[in-house]
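Structure first, then comments.
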Amino acid sequence: VQLVESGGGLVQPGGSLRLSCTVSINMFSLEYMGWYRRTPGKSARELVASIFSGGQPNYADSVEGRFTISTDDSENTINLQMSNLKPGDTAGYYCDVRYRRTNYWGQGTQVTVSS
């Protein structure tokens, strides 16, 4: 399974970005899909948003109401719409999926929120 993230960049506080994760296999076979981020100075990735197959989206408290995770089965993408971005959202964002009980990660895309 290969994942390719895109859509990152530099944005001013209060702005919006849409991240996409293109998946190399049929998304109907995925058990889990999620977006994580690693902020500067931290080694661990933190959960931003996730969704289990057939389930409801789950969001970190810090992004609830500002971020939305969605899927586009026709494009084989997992999207993260980010609004009202804050400097604290600056991080590398990574896509994660689970297929046949194995997790796969993309290479990440950088989001920088700064004036």
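The values are calculated or read from the model by the stated rules, or taken from the named source; none is laboratory data. Computed from a predicted model, the values in this text were never measured in an experiment. Cβ: placed from backbone, ideal geometry, glycine included. Neighbour counts: every protein chain shown. For accessibility, only protein heavy atoms count, side chains too; no ligands or nucleic acids. Shrake-Rupley method; radii C 1.70, N 1.55, O 1.52, S 1.80 Å.
Considering segment 36-57 alone, what residues qualify as being surrounded by fewer than 18 Cβ atoms within 10 Å (Cβ to Cβ) and either assigned to a helix (DSSP H, G or I) or not hydroxyl-bearing (Ser, Thr, Tyr) (or both)?
38, 40, 41, 42, 44, 46, 47, 52, 54, 55, 56, 57
Out of everything in segment 20-35 that is assigned to a loop (DSSP other than H, G, I, E, B) and among the polar types (S, T, N, Q), what residue ends up being nearest to residue 115 (Cα to Cα)?
For segment 20-35, the residue satisfying everything is 24.
Just to be sure before I move on: is residue 85 closer than 16 Å to residue 7 by Cα, under 11 Å from the mean Cα position of the chain (by Cα) and touching a residue at least 60 places away in the same chain (Cβ under 8 Å) in the structure I sent?
no
Given the condition over 11 Å from the mean Cα position of the chain (by Cα), without any contact (Cβ under 8 Å) to a residue 24 or more places away in the chain and surrounded by fewer than 14 Cβ atoms within 10 Å (Cβ to Cβ), answer yes or no: does some residue in segment 26-35 qualify?
Checking segment 26-35: not a single residue is over 11 Å from the mean Cα position of the chain (by Cα), without any contact (Cβ under 8 Å) to a residue 24 or more places away in the chain and surrounded by fewer than 14 Cβ atoms within 10 Å (Cβ to Cβ).
Among the residues of segment 88-115, write down those that are touching a Ser or Thr at 6+ places or on another chain (Cβ under 8 Å), closer than 12 Å to residue 35 by Cα and of a type in the set (Val, Ile, Thr).
Within segment 88-115, just 109 meets the criteria.
Does segment 76-104 hold any residues that are touching a strand residue (DSSP E or B) at 6+ places or on another chain (Cβ under 8 Å), in a strand (DSSP E or B) and surrounded by fewer than 15 Cβ atoms within 10 Å (Cβ to Cβ), and which are they?
Within segment 76-104, 103 is the sole residue that qualifies.
On the given criteria, is residue 109 touching a residue at least 40 places away in the same chain (Cβ under 8 Å), within 13 Å of residue 8 (Cα to Cα) and within 13 Å of the chain's Cα centre (by Cα)?
yes
Which residues, taken from segment 58-75, are touching a residue at least 40 places away in the same chain (Cβ under 8 Å), within 12 Å of the chain's Cα centre (by Cα) and not in a strand (DSSP E or B)?
Correct list: empty.
Under 9 Å between Cβ atoms, which residue pairs at least 6 apart in sequence (or on different chains) link something in segment 7-19 that is touching a residue at least 24 places away in the same chain (Cβ under 8 Å) and outside any strand (DSSP E or B) with a partner that is open to solvent by 30 Å² or more (accessible area, probe 1.4 Å) and of a type in the set (Ser, Thr, Tyr)?
8/112; 12/114; 12/115; 13/114; 13/115; 14/83; 15/83; 16/83
Select from segment 58-75 the residues that are closer than 25 Å to residue 24 by Cα and surrounded by fewer than 16 Cβ atoms within 10 Å (Cβ to Cβ) and list them in ascending order.
Answer for segment 58-75, where residues must be closer than 25 Å to residue 24 by Cα and surrounded by fewer than 16 Cβ atoms within 10 Å (Cβ to Cβ): 58, 68, 70, 72, 73, 74, 75.
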